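See structure below.
The values are calculated or read from the model by the stated rules, or taken from the named source; none is laboratory data. This one's a predicted model, so the numbers in the text were calculated from it and none came from an experiment. Glycine also receives a Cβ, built like all others from the backbone with ideal geometry; neighbour counts cover every protein chain displayed. Calculation scope for accessible area: heavy atoms of the full protein, side chains included, ligands and nucleic acids excluded. Shrake-Rupley method; radii C 1.70, N 1.55, O 1.52, S 1.80 Å.
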Amino acid sequence: MHNFIGSKFKANCRQLFAAISVNLVTFSFGLYTGWSSTVSPMFTDPKETPLDHVMTDNSISWACSWGMLSAILGTFFWGMLADNFGRKTTGFLTMLPYLVSWVILLVVKTETALMVSRFLGGLGASGAAINCPMYVGEVSDEAMKAGLGSLFILMYNIGVLYVYVFGVMVDYTHLNLACLAISLLFMIVWMYVPESPIFLIQKKRIDEARQSLMWFRGKDNDKEVSDEMDSLMRHGDQLTKATLADYKKRGTLKALLIGLVFQAGTQFSGINIILMYTVDIFKKSGSRMSPHSCTILVGVVQVIGSAIATLTVHRAGRKFFLMVTYGVTALALITIGTCFYVNKVDPSINTGILPVLSLSVHVIAFSLGLGMVPYIIYTEVFPANVRNICMSLLMFFNNVLGFVIIKAYPSMSEALHTSGYFWMFGAVCLAVVPYTYLFVPETKDKAYEDIRRELLLWFPDRRHKNKVAAVDKETAADQVDGGDAGNVVVVEANEMKVCMGKDQSCFTTPQRARDNAK
């Protein structure tokens, strides 16, 4: 018993260390996002600008959106790098653009250097969004997966707060030095973290995979990890390279559609506009409070919200978190839009603490749900052999949409007024609530086979009894490489159905589904 508790504690500590280490890249992603909000007011002030000339609003919008363009480019190769060279090597390569970008800002103080720096940072952003959740999902055991998965948004938010605070406390040069220090810290600690065992299994480096799994599970005896190794190796999707047929499976296509809706919801939540233009937003909201103080307060609230999410995400269903937080986000966006409208009608009206309160509620809701839970769901609904490419497609769509929204912010704020822009965001978030209820399966505490079965149903919460038997057969076919039902042996018994694929892997259909079919 003592050995079991000791190994469990050791495993939890090692998995936490690995998750925090890889998410230092995510921390840098947060630095990169919040940095523009802190320094943009300097660039438009002739007395404070650290550059060789004052920047226009259009130039600042390009500085904010350049990263989205390069992030689009990054989605084409980060997944392939992770598949071919490993999650660990990809981690180093993902941090490299951030490291170089901070050095450029320290050495060269021109608008061109700024644009180059922002472009490089965007490459790291797409790499962080693809590689970090994937690595954490692959090295975590089931009990730790949700909590460690939520570190992605927590570390991102701490990064944003870090740059907000340093932006107020120190000058431009020391701010960039503080950001560079995080990149250097990652390069040191990442050397001590093992490669993902799933990647090693995919590359048929079985002995290294066993050693990696022993490290993450805190085991000194490799016999104690044999069952988990056998389980990983039995799944054909962990060993075989994906074919076109794998991407055309109905369950994979529906998972991809769910991901596209969630990524659209993330961008239309306005989170990037809020984080990149926080100071400017508070200036236009009609509040008499200090914009910089409000910005730091929002950053603190955001970290608190993501910390709460880390502690609570494993206690409630994924759908519950998403529906509630999308609804609350919509309400907050509509409220802050109303503040802008009131200030437009009568600039003398003091909206007081309402803008701060609305944005605080927004960032808490984002941290609890829509900024975190989709990435946990992605690791649960996509088979391992298609996960990288599917995640890359989702990040491509996310970054294209993000670029459009950020670049259009100055012009759309003129056309619709800032109030109309935020009302539009609120309407989109509100529309995602019924979609989540009707089309998204609950994945918490469910085996992959159960999740896959529900993905084959269009309305997971409205399934008809006469569909379940047919879905069981399709799920069995979907489990095998290429979905060829002719390669599946089905053995039926009173209590369950046992299926064997052509790779000799076995899986069962739970009694619950068969009861529903009766």
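Mind checking the log10 I(q)/I(0) for the stretch 399-441 at q = 0.20, 0.31 Å⁻¹? Debye, one equal scatterer per Cα, no solvent, two decimals.
The computed values of log10 I(q)/I(0) come out as -0.71, -1.00.
List the pairs from Lys319/Lys407; Lys8/Lys446; Lys248/Lys407; Lys109/Lys407 whose alpha-carbon separation is above 28 Å, in the order I gave them.
Going by Cα-Cα distance, Lys319/Lys407; Lys248/Lys407 fall outside the 28 Å limit.
Could you pull the accessible area for Leu253 with a 1.4 Å probe, rounded to 10 Å²?
90 Å²
Keeping every protein chain in place, order Phe321, Phe77, Phe85 by accessible area at 1.4 Å, biggest value first, i.e. largest first.
Sorted by accessible area, descending: Phe85, Phe77, Phe321.
Just the accessible area per residue of the stretch 243-466, please: how many Å² with a 1.4 Å probe?
37 Å²
Determine the share of the stretch 1-155's accessible area contributed by carbon and sulfur atoms, expressed in whole percent, with a 1.4 angstrom probe.
Percent of accessible area from carbon and sulfur atoms in the stretch 1-155: 71.
Hey, what did the stretch 243-466 get for relative contact order, percent, Cα under 8 Å, at least 6 apart?
It comes to 34 percent, rounded to a whole number.
So what is the accessible area of the stretch 15-193 per residue, in Å², with the probe set to 1.4 Å?
Per-residue accessible area for the stretch 15-193 comes out at 34 Å².
For a quick check of understanding: with a 1.4 angstrom probe and all protein chains in place, what accessible area in square angstrom does Tyr341 have, to the nearest ten?
That residue has around 100 Å² of solvent-accessible surface.
For a quick size check, give me the Cα extents of the stretch 15-193 along its three principal axes, largest first, whole Å.
Taking the Cα atoms of the stretch 15-193, the three principal extents are 54, 33, 24 Å.
Only Cα pairs under 8 Å and at least 6 apart count here; give the relative contact order of the stretch 15-193 as a rounded whole percent.
42 percent
Just how much of Thr173 is accessible, in Å², when a 1.4 Å probe is used and the result is rounded to the nearest 10?
Rounded to the nearest 10, the figure is 50 Å².
What is the gain in length, in nm to one decimal, between Arg315 and Cys13 on full extension, counting 0.36 nm per residue of separation less the C-alpha to C-alpha distance?
106.6 nm
Please report, as a whole percent, how much of the solvent-accessible surface of the stretch 243-466 comes from carbon and sulfur atoms (probe radius 1.4 Å).
The nonpolar share, carbon plus sulfur, comes to 71 percent.
Give the ranking of Arg217, Arg315, Arg250 by solvent-accessible surface, highest area first, calculated with a 1.4 Å probe.
From most accessible down to least: Arg315, Arg250, Arg217.
Roughly speaking, what % of Cα-Cα pairs in the stretch 243-466 are separated by over 29 Å, rounded to a whole number?
Across the stretch 243-466, Cα pairs with separations above 29 Å total 31 percent.
Between Ser348 and Leu73, what is the label-to-label distance in nm when each label sits 7 Å out along the Cα-to-Cβ direction?
In this crude spin-label approximation the distance works out to 5.3 nm.
Pop a pseudo-label 7 angstrom from the Cα along the beta-carbon direction at both Phe92 and Asp445 and give the gap in nm to one decimal.
4.2 nm
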